[in-house]
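Below is one structure, written out as C-alpha cells; the observations come after it.
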Amino acid sequence: MAARLPDPDAGGVIAVRAMAAVDVPAVAAIEKQAYPAVQAWSEGIFRDCLRVGYLCQVLEVDAELAGYGILSIAAGEAHLLNVCVAPGRQGRGLGRLLVEHFLDLADRYKAHTVYLEVRPSNTPARALYKSLGFRRIGVRKSYYPAAPGEPREDAIQLARDIA
C-alpha cells in the first residue's frame, strides 16, 4: 500500500510503495544518473535484492518514479543498503522522507539498530543522516568504487538506534 502525502516543494502527490520487478529498469536508470562517474548498481543487483526478499521500496511523485531504497533486516538489525533520489528531484526533502520511511519499516520489523555506509564526499547525505540521529561508528577503507583511474573511496559507517 502506498503512503500518500501532499508536498508542494517536491511536486504533487508522493507515494512510497514496494518495488516490483517492472520497476527495476527505471530504478537502475536513476542509479546511473545519480552516480555517472562511478560504478552504479546494475539491474541484476536490484533484481537480486528483490529475489532474496530485502525490503525494496520506490518513491513516486505524481506517479513518476523519483527514488528508491533497499533495506535488509536480520537478527534485530537493519542495514540501509541503498537509498537514492533522482538528481532532478534532490534537495526537496524526498531523501528525508525515504530514510524516515525505512526507519519506520525497521521499527515495524523489530530492528533495534539501523546501519548504513556513506561516501565522505556525499556532504548532503551525511548532513541528512546526522539530522536523523545517525552516529559515526567506523570507516571501511576503500569501500566504494571510483571513476576509472581514481582511487576507491572510503565509507563512513553510521548507525542509529530505534527507540
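Of all residues in the range 79-100, those being in contact (Cβ under 8 Å) with a residue 60 or more places away in the chain and outside any helix (DSSP H, G or I) number 2. Being outside any strand (DSSP E or B), crowded, with 18+ Cβ neighbours inside 10 Å and in contact with a Gly (Cβ under 6 Å, 6 or more places away or on another chain) is the requirement here; does LEU103 meet it? So LEU103 does not fit the description; no.
When the range 1-35 is limited to residues that are modelled with pLDDT of 95 or more and assigned to a loop (DSSP other than H, G, I, E, B), the one that is most open to solvent (accessible area, probe 1.4 Å) turns out to be ALA20.
Figure legend. Inter-residue proximity from the range 115-132: first residues in a helix (DSSP H, G or I), second residues of a type in the set (Gly, Ala, Ser), beta-carbon distance below 8 Å, spacing 6+ or different chains. Indicated pairs: PRO124/GLY91; PRO124/GLY95; ALA125/GLY95; LEU128/GLY95. Which of the residues spanning the range 38-72 are among the β-branched types (Val, Ile, Thr) and surrounded by fewer than 19 Cβ atoms within 10 Å (Cβ to Cβ)? The answer is VAL38, ILE45, VAL52.
Within the range 113-132, restricting attention to residues that are out of contact with any helix residue (DSSP H, G or I) (no Cβ under 9 Å at 6 or more places or on another chain) and farther than 17 Å from GLY69 by Cα, which residue is least open to solvent (accessible area, probe 1.4 Å)? This residue is ALA127. No other residue among TYR129, TYR115, TYR109 is farther than 23 Å from GLU43 by Cβ and touching a His at 6+ places or on another chain (Cβ under 6 Å) apart from TYR115. Kindly evaluate VAL139 against the criterion of being within 15 Å of the chain's Cα centre (by Cα) and either of a type in the set (A, V, I, L, M, F, W, C) or buried (at least 18 other Cβ atoms within 10 Å of the Cβ) (or both). So VAL139 does not fit the description; no. Would the range 73-92 turn up any residue that is surrounded by 16 or more Cβ atoms within 10 Å (Cβ to Cβ), among the small types (Gly, Ala, Ser) and out of contact with any Leu (no Cβ under 6 Å at 6 or more places or on another chain)? The answer is yes, given that some residue of the range 73-92 is surrounded by 16 or more Cβ atoms within 10 Å (Cβ to Cβ), among the small types (Gly, Ala, Ser) and out of contact with any Leu (no Cβ under 6 Å at 6 or more places or on another chain).
Can you work out which of the residues in the range 36-70 that are free of Cβ contacts under 8 Å to residues at least 40 places away in the same chain and assigned to a loop (DSSP other than H, G, I, E, B) is farthest from LEU103 (Cα to Cα)? Only one residue tops the list, namely PRO36.
The values are calculated or read from the model by the stated rules, or taken from the named source; none is laboratory data. Predicted model, so just to flag it, every value in this text is computed and none were measured. Note that we place each Cβ from the backbone using ideal geometry, even for glycine, and neighbour counts take in every protein chain shown. The accessibility values were calculated without ligands, DNA or RNA, using every heavy atom of the protein model including side chains. Shrake-Rupley method; radii C 1.70, N 1.55, O 1.52, S 1.80 Å.
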